[in-house]
Amino acid sequence: MRLSDGEHKPPFRPSPEISQDEPAFVTQRTPRLRILIPVMVAMAFLMEQLDSTIITTAIPDMARSLGTSPVHLNTAVTAYVLTVAAFIPVSGWMADRFGARRVFIAALAIFTIASALCGVANSYGMLVAMRILQGLGGAMMTPVGRLILLRSFPRREMMTAMLYMTLPAIIGPVIGPLLGGFLTTYLSWRWIFYANIPFGIAGIVLALRCLDDARSETRSRFDLRGFLMVGSGIVLLQFALENVSHPVVSTPMMLSLSFTGVLLLFLFAHHARTAASPVVDLTLFRDRAFAVGTLAGGLSRIAINGVPFLLPLMLQLGFGMSAIASGSLTFLISAGAVLSRWAMSSLLRRFGFAKLLTGSAITSAILLAGFALIGETTPAWAIMLYIFIFGLVRAAHFMGTNTLAYADLSDSRLSSATSLGGILQQLSVSLGVSVSASLLAVLNLDNGPLTTGDFHVAFLVLAILPLLAIPGFLLLRDEDGRQVSGYRAGR
């Protein structure tokens, strides 16, 4: 955690035993924490990401075990996602008020206990209730973990922190259904939840040993009115998006919920102009790097996040592959994520954020359109290589936009930024799935079997979105994110 230089009122209270003469960041004071803190946070991120998708392949077995229908059990998926969406906005205020260390440990404990209770659930109602409790822990765990990472590394080393933030977001949606299917087939659906327990305990132990207890010196009142508006608005929007791929209500009802959600968010935007300390700080969008990283980056991520949904379906329904075979191929999307970290560092120094993100957006669009060239007769090795290359570009684009978003913000604004960034990231994932599902629904109005051609058209439409984000990336100036990228124009 960053400490005060002693010349001004410190934005965060350092532990009393830390001397002001020591290095400013915990990873500089204790080099071994350069590994331990990222691993600890990455475990938390991965648990949260996996729990959004891992349950899907186990739903039929869970429904039989709990005496309900698979359709009803989709509520267990939706309950978790909605709870995460509802409580992300309060994570920044909680971290400032009670300290990031305390909130992170509490979130890990809640998530781990809820996972154990999900595993022993003997009724549909108990499972849904415990999934809501799990979502509460997940909502605090991810943004506060991101905050801990950002405060643990100097800006010139932010790419290292971003690698551990980005990897779980890349791997989770891809490996979740595959891992869920494996555990359900060879052990039991209950092990989907039990598997979280050792990781949660390990995370708590590491957090107790590794983290400083820093919190904000200021004590702002909790913006309850703003929370009710923004939380309800996000939940309604999230529910409408989830309804596209997991239908629960009719289309007119879904559109009504979407309209109400958008209206509540507009009302919050008006409220935030006059509130002393709004629960979500919209003035963060005045920072050009944050606005471009989250908004333009989010637009391109919608299309990129659609691939883990569309690709397995095309391989199974279009090509006739088994779930295990398609899952194994789709997993290659995450294989290049680690390699992209070293490439990103040198590319940023050479080209800067504007050129690099514009180039990655164009490359993403080309690769998304290229999925339309893959057919049943395409050799398996060619599909594998193509998916791997796409995964490499996907990871680089995610890492670049995530790094840019927080590159120029002061430490005192990071807690608010991780809350707002978490909301937008959550929505981009949901929009990626819902836009993809909507495209398939439009292409299949007669409710016949989906064809390979339907998936090809969906990929071509998604390829447009990264191109629409390019004007945003071109707004960046050479100095944006420079303390992270090290870029110098004309070099």
Backbone N under 17 Å from the Arg221 label point (7 Å along Cα→Cβ), restricted to segment 257-291: 271-280
Positive minus negative residues near Val39 (Lys, Arg vs Asp, Glu; Cβ under 13 Å): +3
For segment 311-317, 3J(HN,Hα) per residue [Karplus equation, 6.51 cos²θ - 1.76 cosθ + 1.60, θ = phi - 60°, Hz, x = Gly/Pro]: 4, x, 5, 5, 5, 7, 7
Cα pair distances exceeding 16 angstrom across segment 26-157, given as percent: 64
Computed lengthening from Ala116 to Arg32, 0.36 nm per intervening residue step minus Cα-Cα distance: 27.1 nm
In nm, spacing of pseudo-spin labels at Ser188 and Arg349 (7 Å Cα→C-beta vector): 5.4
In nm, spacing of pseudo-spin labels at Phe259 and Ile389 (7 Å Cα→C-beta vector): 4.6
Solvent-accessible surface (1.4 angstrom probe) belonging to Tyr194, in square angstrom, nearest 10: 60
Positive minus negative residues near Ile423 (Lys, Arg vs Asp, Glu; Cβ under 13 Å): 0
Sequence of Arg64, Arg394 from largest to smallest accessible area, 1.4 Å probe: Arg64, Arg394
Total formal charge among the other residues, if their Cβ is under 10 angstrom from that of Leu476, Lys/Arg +1 and Asp/Glu -1: 0
In Å², nearest 10: area of Ser220 left accessible to a 1.4 Å probe: 50
List Glu479, Glu48, Glu376, ordered by accessible area with a 1.4 Å probe, largest first: Glu376, Glu479, Glu48
Computed FRET value (nearest 0.05) for Gln483 with Leu295, which takes r as the C-beta separation and R₀ as 22 Å: 0.55
Additional length obtainable on full extension of the chain from Thr452 to Ser412, 0.36 nm per residue less Cα span: 9.4 nm
Protein-only accessible surface order, largest first, of Ser115, Ser65 at 1.4 Å: Ser65, Ser115
Segment 423-437 residues near the modelled Val249 label - backbone nitrogen below 14 Å, point 7 Å along Cα→Cβ: none
Gain on full stretching of the segment that runs from Arg209 to Ala380 - 0.36 nm per residue minus C-alpha separation: 56.9 nm
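The values are calculated or read from the model by the stated rules, or taken from the named source; none is laboratory data. Since we're looking at a predicted model, the values are computed, not measured. Counting neighbours? That spans all protein chains shown, and the Cβs are built from the backbone with ideal geometry, glycine included. Please note that ligands, DNA and RNA were not included when accessible areas were found on the heavy atoms of the full protein model with its side chains. Shrake-Rupley method; radii C 1.70, N 1.55, O 1.52, S 1.80 Å.
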